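The next block holds one structure in the form of structure tokens; read it before the comments.
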Amino acid sequence: MLGVTLQGLPLPAFITERNVGVRATFGRLAQLDPVLLSVVACLLIWGLAMVASSSVAVAQELAGDTMYYFYRQLAYAGLGLIAAAVVFQIELDTWQKNGFLLLAVAILLLLIVFLPALGYAVNGAQRWINLGVIKLQVSEPARLFLIIYLASYICLLYTSDAADDLLCVD
């Protein structure tokens, strides 16, 4: 009757190895900080309310729909939540192992904006890449990739023997 075990706990036989992986993935949601999630949800709702209330006149004049910018912001918020869910599924070890590669991608992105064929100028500043549907300001992913690289580098130093000298740990 009892089959696979998960961390020493017996599970019913109908739960296979594949199901255990799915269950473990959803179990990661329990590791999230509820206070942080609540703050993020409140900021998201607050931001949507601010866009809805502040853009009514402009949206009516330019798009003919008072809620045009709200719907657009809601769609991007939904895409952001989907992207966050996908990124959450990637193990931390993967981010740590690829920190240097992400730093190289960040530097490459920062250089690409200077190419006339790919760079896009807004208000005289050429900091964007036109991807058709959206315009990407490359400093945003570059900043994120730099943070990931620095975190992986600090973890590498912390786990090496040189960390004792660097961090003055006795």
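The values are calculated or read from the model by the stated rules, or taken from the named source; none is laboratory data. Here the structure is a predicted model, which means the values were calculated and not measured. A quick note on method: Cβ atoms are made from the backbone with ideal geometry, for glycine too, and the neighbour counts reach across all protein chains shown. Accessible surface is based on the protein model in full, side chains and every heavy atom, while ligands, DNA and RNA are left aside. Shrake-Rupley method; radii C 1.70, N 1.55, O 1.52, S 1.80 Å.
A few points about this structure:
- Ranked by the mean number of other Cβ atoms within 10 Å of their residues, highest first, the peptides 94-100, 146-152 fall in the order 146-152, 94-100.
- Were the residues from L108 through V133 laid out at 0.36 nm apart, the gain over their Cα-Cα distance would be 6.9 nm.
- Residues whose placed amide H lies under 5 Å from that of R127, excluding near-sequence neighbours: Y120, V122
- Ligands, DNA and RNA aside, Y120 has an accessible area near 80 Å² when probed at 1.4 Å.
- Region 50-119: projected area of the alpha-carbon convex hull, averaged over directions, in nm²: 7.5
- For region 132-140, 3J(HN,Hα) per residue [Karplus equation, 6.51 cos²θ - 1.76 cosθ + 1.60, θ = phi - 60°, Hz, x = Gly/Pro]: x, 6, 10, 10, 9, 8, 5, 5, 5
- Sequence-ordered 3J(HN,Hα) estimates for region 56-73 from the Karplus curve with 6.51, -1.76 and 1.60 and θ = phi - 60° stand at 4, 5, 5, 5, 5, 6, 8, 10, x, 9, 5, 9, 4, 5, 5, 5, 5, 5 Hz, glycine and proline given as x.
- Computed over every Cα-Cα pair of region 69-153 and binned at 5 Å starting from 0, the pair-distance distribution P(r) comes out as 3, 13, 16, 20, 19, 17, 9, 2, 0 percent.
- Per-residue HN-Hα couplings for region 31-48 [Karplus 6.51, -1.76, 1.60; θ = phi - 60°; Hz; x = Gly/Pro]: 7, 6, 6, x, 5, 4, 4, 5, 5, 4, 4, 5, 5, 5, 5, 4, x, 5
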